[in-house]
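Here the structure comes first, spelled out in structure tokens, and everything after it is commentary.
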Amino acid sequence: PDFYGYSFVADGVGLIDPSNPLLKPNLLNTQNMVHVPGPASLPWERNEVPHGVVHHHFYKSQVVGDQRDYYVYTPPGYDAQAATVYPVFYLLHGYSDMANGWTAVGRANIIMDNLIAEGRAKPMIVVMTLGYGVPAIVERTPEFGSVFRDPTILFRNMDLFRKALLEEVMPAVEHEYGVSTDRQQRAIAGLSMGGAESLFVGLNTLDRFAWVGSFSAGGLGNDFDKTFPHLNSGANSQLKLLWIACGMADRLMGTNLKFRAWLDSKGVRHTDIDTTGMHAWMVWRRNLASFAPLLFR
């Protein structure tokens, strides 16, 4: 039981199934999905529980210079007119995904509905924003692979993404929704490229985030001293949780092990989660279902 992606290949061209409206949207390789239903205990299955709402926002980014969007999940019972203030969780997608990756494929809103209904996760607002500071890294061009491997461009992508998040998305969310501005009520996590971005943003901005998670991080590079110039054991008093997960069959496991070892050398405490699986949504849905219940406790 799970969600599986598939496509047809005709004369070397990947094609979606015109008879199946269930899509796995992606900027480089859109596929269809097939749902193999499972028991209600699986966190991504839609159950008879109160459901939250997913809101879609658009804005012009002055930092990046393009039109972009973000999604906001509000939990069941959220009332914009009430004085209730919720913790906020910034959840980031991976390379080649769009801002709707976590809702369209990751089932994040369904997972949160189930966790909250079961009392396993605190009611929280989840923000899912477009993760590209340099949009050209995901353009379908002959050189995009080499561009994505360029450490200078990778760093610029993360740095501009951080600016757009801190200077544009977060202020807009805090103006529009009843979210706490207390760092202890703010979390950030993501998958693959978004995992690297969550580490880059969270660990370099500890005055904003106390909870940081990474699912199969990719794109951090190898010069961790340059990427995290001020990180040391002093972070332990600021971090409520630093959670680093990766599938044991994931090609990025080696990079994650190196990063964990580097954190050890700096005296930074972290929780390591090794799961079965590869670099796939099957792993990340389970990561979210395990990570979210730990937040804001």
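The values are calculated or read from the model by the stated rules, or taken from the named source; none is laboratory data. Quick caveat, the model's predicted, so the values are computed rather than measured. Every residue, glycine as well, gets a Cβ built from its backbone with ideal geometry; the counts of neighbours run over all protein chains shown. In case anyone asks, the SASA skips ligands and DNA or RNA and just uses the protein heavy atoms, side chains included. Shrake-Rupley method; radii C 1.70, N 1.55, O 1.52, S 1.80 Å.
Using +1 at the Cβ of each Lys and Arg and -1 at the Cβ of each Asp and Glu in the chain, identify which of Ile111, Ala280, Ala249 lies farthest towards the dipole's positive end.
Ala249
Connecting C-alpha atoms closer than 10 Å in a GNM of the chain, tell me which of Ala196, Ala83, Ala40 has the biggest fluctuation.
Ala83
Give the calculated FRET efficiency between Lys163 and Asp79 to the nearest 0.05, with a Förster radius of 35 Å applied to their Cβ-Cβ distance.
Approximately 0.65, to the nearest 0.05.
Relative contact order for the chain: what percent, with Cα pairs under 8 Å and sequence separation of 6 or more?
The normalised contact order for the chain reaches 16 percent.
Can you give the extra length, in nm with one decimal, that the chain gains between Asp66 and Glu174 once fully stretched, where that is 0.36 nm per residue apart less the Cα-Cα distance? Numbers along the way, then the final one.
On the way: separation 108, 0.36 × 108 = 38.88 nm, distance 2.17 nm.
So the extension gain works out to 36.7 nm.
Using +1 on the beta carbon of Lys and Arg, -1 on that of Asp and Glu, and nothing else charged, what's the dipole of the chain about the Cα centre, debye to 20?
Approximately 600 debye in magnitude.
Based on the alpha-carbon gyration tensor of region 203-297 and its eigenvalue square roots a ≥ b ≥ c, which shape applies: rounded if a/c is under 1.5, prolate if not and a/b is larger than b/c, or oblate?
Working: a/c = 2.14, a/b = 1.25, b/c = 1.70.
Verdict is oblate for region 203-297.
Lys226 versus Ser265, label points 7 Å from Cα toward the beta carbon: distance in nm?
Result for the modelled spin labels: 1.5 nm.
Could you report the chain's accessible area per residue, 1.4 Å probe, as an integer in Å²?
Per-residue value: 44 Å².
Using the Cα gyration tensor of the chain, with a ≥ b ≥ c the square roots of its eigenvalues, what is the shape: rounded (a/c below 1.5), prolate (a/b larger than b/c) or oblate (neither)?
Rounded is the answer for the chain, as its axis ratio a/c remains below 1.5.
At Met278 and Gln238, where each label point lies 7 Å from the Cα along Cα→Cβ, what is the point-to-point distance in nanometres?
Output for this residue pair reads 3.8 nm.
Using a 1.4 angstrom probe on heavy atoms only, work out the carbon and sulfur share of the accessible area of region 56-131 in %.
48 percent
By accessible area of protein heavy atoms, probe 1.4 Å, what ranking do Glu167, Glu48 get, highest first?
Working: Glu167 110, Glu48 185 Å².
Per-residue accessible area, sorted high to low, gives Glu48, Glu167.
Can you tally the lysine pairs in the chain where the Cα-Cα distance is under 30 Å and the two residues are eight or more apart, or on different chains?
Total qualifying Lys-Lys pairs in the chain comes to 16.
What nm value, rounded to one decimal, do you get for the distance between Glu45 and Asp182 when each label is placed 7 Å out toward the C-beta?
3.7 nm
Take peptides 18-25, 176-183 and line them up by average Cβ neighbours within 10 Å, highest first, as a rough protection proxy.
Numbers: 18-25: 12.5, 176-183: 15.4.
Highest mean packing first, the order is 176-183, 18-25.
Which one, Asn32, Gly218, Val63, projects farthest toward the positive side of the charge dipole computed for the chain from Cβ point charges (K/R +1, D/E -1)?
Gly218
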